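The numbers here are math on the coordinates, done by the rules we state, and not lab data. Quick caveat, the model's predicted, so the values are computed rather than measured. Cβ placement follows ideal geometry from the backbone for every residue including glycine, while neighbour counts extend to all protein chains displayed.
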Amino acid sequence: MSGAFAVSKYDPFARLLHWLIVLLLTAQYVVAWTMPGIHRGTQPVGLIVVHLDLGAFILGIMIVRLLWRFVRTGPDAVEGTPFTRGVASLTHGLLYLLLIVQPAMGWANASSRGWQVTLFGVNLPSLLPKGAAIGHTLGDAHRLLAWVMLALIGLHVLAALYHHFVLRDRVLRRMA
Ligand code: HEM
Ligand code: HEM
């Protein structure tokens, strides 16, 4: 892996986006589980607005990140068996996917409630008409997927720490 042209680290922009998402997502989970329960007729005020804005921002950053991932493909694969490498790329792929799908479902649910979603004060289009029945299902899926994503993040972080403290290899430093 240390050939003359081997790339051994994620580029600075990819690292910035990775840690920015860690920060934003941590805040988003705290806000989501602190904000008042959302029911029929709830008005989007206070922490609920923070949740919508932060979520829209996360979606925006993830789109940039995904595009960047296609431009700059990341460093060489780490050592490991085909199985562990497969689990790692599957986990990363699912995290990318969930970080797009999860905010999109929240947005669709917000639209079905007739709520305006904004990004830096700019109105975003409605994904569903007000009252759309599927909005309810998407809201349920949004709450459920939050846990699925958290489990994947847990697996991902444990793997990073295992690499660093048990295997003592350079995997964590590639993203640090
Ligand atoms: C990755 C980003 C996001 C995460 C991790 C997340 C997480 C969560 C969680 C955990 C809940 C459940 C709160 C509870 O049980 O009381 C929730 C509810 C909700 N979120 Fe998000 N959210 C994200 C993005 C968004 C976005 C972008 C929007 C809209 C623009 C949004 C709109 C909503 C709405 C409307 C609910 C209430 C759903 C319902 O109960 O029917 N979320 N979110
Ligand atoms: C909100 C939580 C997190 C999310 C959503 C997340 C997501 C991701 C994704 C999608 C990748 C793949 C990057 C790519 O190939 O473009 C990645 C890589 C990586 N993450 Fe995270 N991450 C999170 C938290 C963490 C934390 C807390 C650590 C460290 C303890 C960490 C360490 C790493 C490392 C070392 C890599 C590079 C793995 C490799 O070289 O193949 N991540 N992360």
Here's a check for you: in segment 86-122, which residue that is within 9 Å of ligand 2 (Cβ to nearest atom) and of a type outside the set (Gly, Ala, Ser) is surrounded by the most Cβ atoms within 10 Å (Cβ to Cβ)? 99
Select from segment 76-103 the residues that are of a type outside the set (Ser, Thr, Tyr) and within 15 Å of ligand 1 (Cβ to nearest atom) and list them in ascending order. 94, 95, 97, 98, 99, 100, 101, 102, 103
Just to be sure, is residue 22 surrounded by 14 or more Cβ atoms within 10 Å (Cβ to Cβ), within 16 Å of ligand 1 (Cβ to nearest atom) and assigned to a helix (DSSP H, G or I)? no
One residue from 36, 44 being in contact (Cβ under 8 Å) with a residue 40 or more places away in the chain and more than 16 Å from ligand 2 (Cβ to nearest atom): 44
What are the residue pairs meeting all of these: first residue in segment 132-159, first residue closer than 28 Å to residue 170 by Cα, second residue acidic (Asp, Glu) and surrounded by 15 or more Cβ atoms within 10 Å (Cβ to Cβ), Cβ atoms under 6 Å, and 6 or more apart or on different chains? none
Scan segment 31-46 for residues that are in a helix (DSSP H, G or I) and surrounded by fewer than 14 Cβ atoms within 10 Å (Cβ to Cβ) and jot them down. 33, 34
Restricting attention to segment 128-173, which residues are closer than 14 Å to residue 103 by Cα and of a type in the set (D, E, K, R)? 140, 143
Kindly indicate whether residue 73 is surrounded by 12 or more Cβ atoms within 10 Å (Cβ to Cβ), away from ligand 1 (no atom under 13 Å from the Cβ) and of a type in the set (Val, Ile, Thr). no
Qualifying residues in segment 94-127 (those that are out of contact with any helix residue (DSSP H, G or I) (no Cβ under 6 Å at 6 or more places or on another chain) and in a strand (DSSP E or B)) - the one nearest to residue 31 (Cα to Cα): 118
Single condition residue 110 does not satisfy, out of (1) away from ligand 1 (no atom under 12 Å from the Cβ); (2) farther than 27 Å from residue 13 by Cα; (3) among the small types (Gly, Ala, Ser); (4) touching a residue at least 60 places away in the same chain (Cβ under 8 Å): (1)
